[in-house]
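The values are calculated or read from the model by the stated rules, or taken from the named source; none is laboratory data. Since the structure is predicted, the reported quantities are computational estimates derived from the model, not experimental observations. Methodologically, a virtual Cβ is constructed for each residue, glycine included, from the backbone with ideal geometry; neighbour enumeration extends over all protein chains shown.
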Amino acid sequence: MNKHLIQQAQQLQAKLAKAQEELANMNIEVSSGGGAVKVVIDGQQRIHSIKIAREVVNPDDVEMLEDLVLSAVKEAITRSQEAAAKQLSGLTGGLKIPGLM
């Protein structure tokens with residue numbers, strides 16, 4: 001193999017490791033129901049917390065609470081994936097590499 005190519009691959013690997021570390025340290029907060037449900041997720045799609053306001057906990061309307069939680073989690077995952085794609089796109093030159101995005 002070409003020595004220059006190996007060096008480029010090593011540099012890319014180091015940049016990817018740094019980007020993944022930055023994504024792991026990123027916190028994205030999303031809420032639904034006017035702030036009634038809050039979800040904190042990192043750039044690697046790991047959920048760190050879910051907070052639910054007391055006033056939306058109604059035993060007679062569990063479905064509404066389920067919808068609020070689901071909505072917040074879906075939005076958090078979407079934003080996390082978008083942040084990861086943005087972070088990694090510069091390294092991959094716009095290529096969609098499986099397992100990285």
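Numbers at a glance
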item: Some residue of region 30-44 being surrounded by 13 or more Cβ atoms within 10 Å (Cβ to Cβ) and either among the hydroxyl-bearing types (S, T, Y) or in contact (Cβ under 8 Å) with a residue 60 or more places away in the chain (or both); result: yes
item: Residue within region 18-29 that is among the β-branched types (V, I, T), within 21 Å of L91 (Cβ to Cβ) and in contact with a helix residue (DSSP H, G or I) (Cβ under 9 Å, 6 or more places away or on another chain) present; result: yes
item: Strands (runs of 3 or more DSSP E) (entirely within the chain) containing at least 3 residues that are modelled with pLDDT of 90 or more and among the aliphatic types (A, V, I, L, M); result: 37-41, 47-52
